[in-house]
1. At 1.002 mPa s and 20 °C, plugging the Kirkwood radius over alpha-carbon pairs of the chain into Stokes-Einstein gives what diffusion coefficient in µm²/s?
2. Can you give the percent of C-alpha pairs in segment 1-60 whose distance is more than 15 Å?
3. Please report Rg (one decimal) and Dmax (integer) in Å for the Cα set of segment 147-257.
4. How big is the charge dipole of segment 9-123 about its Cα centre, in debye rounded to the nearest 20, if each Lys and Arg gets +1 on its Cβ and each Asp and Glu gets -1 on its Cβ?
5. Just to check I understand the Karplus step: with θ = phi - 60° and J = 6.51 cos²θ - 1.76 cosθ + 1.60, what whole-Hz values come out for segment 323-337, glycine and proline as x?
6. Cβ neighbours within 10 Å, averaged per peptide: list 232-239, 154-161, 300-307 in order, most packed at the top.
7. Say each of Gln255 and Leu34 gets a label point 7 Å from the Cα, pointing the same way as Cα to Cβ; how far apart are those two points in nm?
8. Taking Lys118 as the anchor, which lysines have their alpha carbon closer than 20 Å to its alpha carbon, excluding any fewer than eight residues away along the same chain?
Amino acid sequence: MKKILVTGGLGYIGSHTVVELQNSDFEVLIIDDLSNTTMTVLDGITAITNKKPNFFKIDLKNKDAVANFFKENKVDGVIHFAASKAVGESVKQPLKYYENNINTLIYLLQEMEQNKVKNLIFSSSCTVYGQAKVLPITEKAPIKIAASPYGNTKQIAEEIIADATKVSDLKAIALRYFNPIGGHDSILIGELPIGEPQNLIPYITQTAAGIRKELSIFGGDYDTYDGTAVRDYIHVVDLAKAHVVALQRLFTKKQKAALEFFNIGTGKGSSVLEVIYAFEKANNKTLNYKIVSRRAGDITAAYADTTLANKELGWKSELTLEDALRSAWLWQEELKK
Ligand code: UD1
């Protein structure tokens, strides 16, 4: 049984991926510093899979602790999720973002090299494309100057990994996620936004739950079919499964380059208004919303061309927007309990 270190394994995407890994007979070791999650997530994972992953409370900024972990635990591969991810916060605290997202990656890569761990899956983002000229976006689309320090950390991280693969045996896959939403249908794990949500779906569910008075739609004057911005919303369970197949690709030595990039999305764009209508329909709810001015740094439209992931990983998204919005709402109700 292959042993996989999942950093940030108690986070939103990390926890869903740990579930899929354990269901696919990987042994999982989680490192998380609990900076943006809680230990209850470990209970959720254990309840879903009947298997408790090994958990290590380690801050990846602690180089010695990372070195000790690798000394004491032999792993076959790493999925690296642990990172700060709030775009707005990254503008206000850029150094925190470079320290949390870049220093930690360097320590991790150094220890992987030292301990001959050769397989890495990295959490990247469609944010590297900025506003692409051509839609849907393929992996060949040019990388744009990042609109935020957060986005920049994803670009720099990809470059660091690329350079590391040139001088070592490291084999890596960077998965560029579009917009992950929803939660596990057991309703035992889901997204845990702390404070006022910045992302659309938690804002919608909190508005439907009465925690927020009204949803603001950021911009009604975009050049899209209904004037609201378009994104590719992918169910987090589909996204989690992409990590399992990417890992299998590395272990079966099918990769065609030392570092490969794959877009992970549905291939379908939805506008903010379409998401709202889909939420209302899927959950039989009415949402309070109003259109306000655009949010700084937002782009008009982004959705994935997933041909490469379909062909090379044999992966495609299966769950629908409605599935995701239903699970997001059930999770919101669960959080009340
Ligand atoms: C952003 C980041 C992305 C990051 C993701 C997760 C950019 C360009 N995108 O995605 O890299 O991985 O967050 O943190 O940096 N919206 C509203 N009202 C709200 C909230 C959102 O109308 O209250 C709209 C937004 O304007 C956008 C869409 O909903 O059009 C999705 O927003 P959001 O969920 O925040 O994701 P992105 O901004 O696409």
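Throughout, read-outs are computed from the coordinates displayed, never taken from laboratory work. Owing to the predicted nature of the structure, the values given are computational and were not obtained by experimental measurement. A quick note on method: Cβ atoms are made from the backbone with ideal geometry, for glycine too, and the neighbour counts reach across all protein chains shown.
1. Roughly 106 µm²/s, to the nearest whole number.
2. The share of Cα pairs beyond 15 Å in segment 1-60 comes to 37 percent.
3. 18.4, 54
4. 140 debye
5. The phi angles translate into 4, 5, 6, 5, 5, 5, 6, 4, 5, 4, 5, 5, 5, 5, 6 Hz.
6. Descending packing order for the listed peptides: 232-239, 300-307, 154-161.
7. It is 3.3 nm.
8. The qualifying lysines are Lys2, Lys3, Lys63, Lys71, Lys74, Lys166, Lys171, Lys253, Lys254, Lys256.
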